[in-house]
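Let me begin by presenting the structure, written as structure tokens, before commenting on it.
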Amino acid sequence: MATIAITGANSGIGLRAAQRLMADGHRVLALCRSVDRARAALGEEVEVIETRMDDLASVKTAADRVGGLGVDVLINNAAVFDLGMTTREVTDEGHERVWATNHLGPTALAAHLAPALADSRDGRVVFIASKGLLAMPRIRIRWDALDGDPWYTPTRAYYHAKLAQVMIAETLAENWTGRVTVACLRVPAVRLDPSKLAAQPKLQQVLYAPKNRAAAPPERLADTYAALATAAPPTATYVDESLVPCSLPRFARDPDNRARLAAVTQDAIGLPVWGAQ
């Protein structure tokens, strides 16, 4: 059985995936912002590691603990997409919060854990992207304003970071060949938990309700998470919920773009994106 670290394991797909993996007998390390909420959701006996994905110091502390415990799989599930965040927020480290949470934090966590994952007999990392990128064929990395100003909206920031995750996954897959398996899952619209939907602005609740009813249940995606963590690896890095290979977004296909993103991400997180050598 594997030791699997999963971020954002106290709600949504992350919660269902953690429950599924624990039921299958795997050891789950739940990396969550709130230890109390994670234990309430997963049980008092779960191993919870307090982690703020928008705080690189917190990510480093969590990675040190996870690496010390030993880990076989990292699932970078946690993300923020809050339409109520109409004003750009900046972290204490000077990064726009969506970029920090959805790109810098997950990339830094994978980089810090690279040696521990490489020591596993079947080390794996799973990044999460969004099917919504299909509706944005011209999306690109905004090199002149990575942290959102002046183009910020919560939707633009979210998909900007998700494009970056696709690109970093491809970079790591190339650099970690033979050492760590990398996958990036293109998640479709997923049904929100009632508490998550209730936290949205009233107008957004009304507008999103029909889409939410038609969206995939989180349990369906939890099965995909479990397969990426424990079953035979897919034949491509970028896959959909059925593990069918997906075409990369146009901007992500250019190796020069991927190399440039790796370089600027490295500068932001303070270590090579592929980890210490």
* **Overall form of segment 220-277 per C-alpha gyration tensor (a/c, 1.5; a/b vs b/c)** => oblate
* **Karplus-derived HN-Hα couplings along segment 162-169 (A = 6.51, B = -1.76, C = 1.60, θ = phi - 60°), whole Hz, x at Gly and Pro** => 5, 4, 4, 5, 4, 5, 5, 4
* **Set of aspartates and glutamates with alpha-carbon distance to residue 60 below 18 Å, sequence-local pairs under 8 removed** => 47, 50, 72, 92, 93, 267
* Structure fact -> Given 96-107, 139-150, the highest-first ranking by average Cβ count within 10 Å works out to 96-107, 139-150
* Asked: To the nearest 20 debye, what charge dipole does the chain have about its Cα centre, counting +1 at the Cβ of each Lys and Arg and -1 at the Cβ of each Asp and Glu?
  -> 900 debye
* Structure fact -> Each label sits 7 Å from Cα toward the beta-carbon; between residue 36 and residue 232 the label points are separated, in nm, by 4.7 nm
* Give, as a single signed number, the net charge of other residues whose beta carbon lies under 13 Å from the beta carbon of residue 71, with Lys and Arg counted +1 and Asp and Glu -1. => -1
* Asked: Just how large is the dipole of segment 48-179 about the Cα centre, in debye to the nearest 20, putting +1 at every Lys and Arg Cβ and -1 at every Asp and Glu Cβ?
  -> 460 debye
* To do: Just tell me which aspartates and glutamates come within less than 17 Å, Cα to Cα, of residue 202; anything on the same chain fewer than 8 places away is out.
  => 82, 193
* Put a dot 7 Å past each Cα toward the Cβ at residue 87 and residue 145; how far apart are the dots in nm? -> 1.8 nm
* Alpha-carbon Debye profile of the chain, log10 I(q)/I(0) at 0.10, 0.11, 0.13, 0.16 Å⁻¹ -> -0.46, -0.56, -0.82, -1.33
* To do: Rounded to the nearest Å, what's the spacing between the alpha carbon centres of segment 242-262 and segment 215-237? Just the number, please.
  => 20 Å
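Readers should treat all values here as calculations from the given coordinates under stated rules, not as data from a laboratory. Just so we're clear, the structure is a prediction, and the values are computed from it rather than from any experiment. FYI the Cβ positions are ideal-geometry reconstructions off the backbone, even for glycines, and counts take in every protein chain you see.
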